[in-house]
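Below you'll find the structure I mean.
The values are calculated or read from the model by the stated rules, or taken from the named source; none is laboratory data. Here the structure is a predicted model, which is why all the values come from computation and not from measurement. A quick note on method: Cβ atoms are made from the backbone with ideal geometry, for glycine too, and the neighbour counts reach across all protein chains shown. Protein only, heavy atoms only, side chains kept; ligands, DNA and RNA dropped before computing areas. Shrake-Rupley method; radii C 1.70, N 1.55, O 1.52, S 1.80 Å.
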Amino acid sequence: MNDIPTPDDLARALRLAAATLRGAPADADWSRPAGTLGWDCWSTAEHLADDLLAYAAQLGPAVPPRDRYVPFLAARQFPGGPNNFVRAEREAGVDGLIEVLEASGGLMVAIARTASPDTRAYHPWGLADPAGFVAMSLVELLVHLHDIAQGLGLPWEPPADLCHRVLTRLFPDVTVDPADAPWPTLLWATGRTALPGRPARTEWRWHAEVRA
């Protein structure tokens, strides 16, 4: 199995995520909490779109920054809310929100496909290459779709191979027990569930830096 996350992996995950969100009932309440987060489903989807576009932006400059984020102006819409520079117009409805997510993710896919493998750019959890930013985009997408799906009552279980590649690239400290499927292990690694013999994590991080 290929252990390096690819732009095609992210494009695939985006298609699955958009299809899942479009499967929400027309009267679904997007103001409901997203899983165990302190944000509602709408704000979490905006945060996800913001993450994807921000990761694309890190790889975008001719000389990507190695000690800071690209200085977009971000703001919180409510205390404790996500600090975003990406927002969706409420008047555009859920279809518009999903379109914003697809556009942000599509830009990340496109820039990851063209970036040199030697490119390095800043993330607070390690200086990352394009494959690392793809992996970070994937973990954001997979677990935040889980959060939103919990809030909206939607089914969401991403493909095992995507979860395996994310765990391999970003979580070298996590042992993938053969008895545990990659998806529950990724949820455990990101503090969202417990596994047999492994209580839920109260603190966690991934490792974005390039490893030999």
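Considering only the stretch 1-17, state which residues are of a type outside the set (A, V, I, L, M) and open to solvent by less than 60 Å² (accessible area, probe 1.4 Å).
Matches in the stretch 1-17: 5, 6, 7, 9.
Conditions (1) open to solvent by 80 Å² or more (accessible area, probe 1.4 Å); (2) of a type in the set (Val, Ile, Thr); (3) under 22 Å from residue 157 (Cα atoms), marked per residue:
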| residue | (1), (2), (3) |
| --- | --- |
| 19 | no, no, yes |
| 22 | yes, no, yes |
| 29 | no, no, yes |
| 44 | no, yes, yes |
| 63 | yes, yes, no |
| 72 | yes, no, no |
| 91 | yes, no, no |
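Given the structure, is residue 131 of a type in the set (Gly, Ala, Ser) and out of contact with any helix residue (DSSP H, G or I) (no Cβ under 6 Å at 6 or more places or on another chain)?
yes
Kindly indicate the residue of the stretch 94-122 that is of a type in the set (Gly, Ala, Ser) and out of contact with any helix residue (DSSP H, G or I) (no Cβ under 6 Å at 6 or more places or on another chain) and also least open to solvent (accessible area, probe 1.4 Å) among those meeting that condition.
Top of the filtered list is 96.
For the stretch 31-42, which residues satisfy the criterion of being in contact with a Phe, Trp or Tyr (Cβ under 8 Å, 6 or more places away or on another chain) and open to solvent by less than 10 Å² (accessible area, probe 1.4 Å)?
Listed by number, the list holds a single entry, 41.
Going by the structure shown, is residue 96 more than 19 Å from residue 74 (Cβ to Cβ), part of a helix (DSSP H, G or I) and over 16 Å from the mean Cα position of the chain (by Cα)?
Yes; evaluated as a whole, the condition is true for this residue.
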